[in-house]
Amino acid sequence: MTGNETLNREGTPTRPGSRLVDRFIRVQQAFADLGGGAHGTGELAEAAGLDDSTTSRILQSGVHQGVFERVGRKYRLGATAAQLGLHALAHTPSKDETTHETLEELREATAGGLVFQYMLAPFAGAQRACIDMAVGDSDLVELGMTARDILSVTRSLRTGASGRTILAYLPRPIQETVLAEPVPEEAGPGVYRDRDALLASLADIRDCGYALGYQECMPLWNSCAAPIAWGQAIMGAVLLLKPASAMPEAPPSAIQATQAAAAKISARLSHLSEPLSMMYGF
């Protein structure tokens, strides 16, 4: 190490010109470590491992740039941070034939189950949207899936294996926002209405890497879901849906096939070096 270098918090040398950038990034990451929301200078300084005066200067500079916003005596991430997230999203691999083939492979491997790919829609109040499906010749309306179901039940992160899978990996403040939402009236009899039971199910999902849903979104339909991730950031979920009569319980083969499909789609994101840590709080 030369006389003009210092050590960063990881103990590796850093040139003077990079120190300010490193500190700025540490303050940004502090918001993620604290779960987003508005925080005071002292709290952010402690999380970033910096002194209050340095953190204050960085926050004030960030406010000028739109990266941070001042809320009373506290600060939160600003519109520029969200815009950067959108630019990052623009460079993720889009839905293509390879991704759809993965869904078709899961459908074939599970004896004709209905397969859906859901993605997180963070700017719609933390909901999910179906962007692709492999359903063969099935008519979803004839199967009892109405437009009302799509616009209410299946977009809520409170309901269904895919919703809870995404919810399980979101920061706690976002989870609390979703938990405060009412359960959709059209939800199935198996939906988690008890808060503690729902939270316990999220912990189970994080432990095992998949979710099972029994008549949550619709009566007489069971499901299995696994997360789609970009680095440490949750992006969506792959869902396998079958009639309860054909799948009263999800067999290990169906669970493993669903996880494999989600992992394959996630792998398409792995070449991107920076996850959406600022957007999702990881």
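For region 237-271, the set of residues classified as under 17 Å from the mean Cα position of the chain (by Cα), outside any helix (DSSP H, G or I) and at pLDDT below 95 consists of 268, 269, 270, listed by residue number.
The listed residues are 245, 223, 253, and the only one of them that is crowded, with 24+ Cβ neighbours inside 10 Å and of a type outside the set (A, V, I, L, M) turns out to be 223. Can you name the residue in region 56-84 that is loosely packed, with under 14 Cβ neighbours inside 10 Å and hydrophobic (A, V, I, L, M, F, W, C) and is also nearest to the chain's Cα centre (by Cα) among such residues? The qualifying residue nearest to the chain's Cα centre (by Cα) is 79. Taking region 227-242 as the range and being crowded, with 24+ Cβ neighbours inside 10 Å and closer than 15 Å to residue 113 by Cα as the test, the residues that pass are 238, 239, 240, 241.
The set of residues from region 45-67 being within 17 Å of residue 21 (Cβ to Cβ), free of Cβ contacts under 8 Å to residues at least 40 places away in the same chain and not basic (Lys, Arg) comprises 48, 50, 54, 55, 58, 59, 60, 61, 62, 64, 65, 67.
The values are calculated or read from the model by the stated rules, or taken from the named source; none is laboratory data. Please read these numbers as outputs of a predicted model, since none were measured by experiment. FYI the Cβ positions are ideal-geometry reconstructions off the backbone, even for glycines, and counts take in every protein chain you see.
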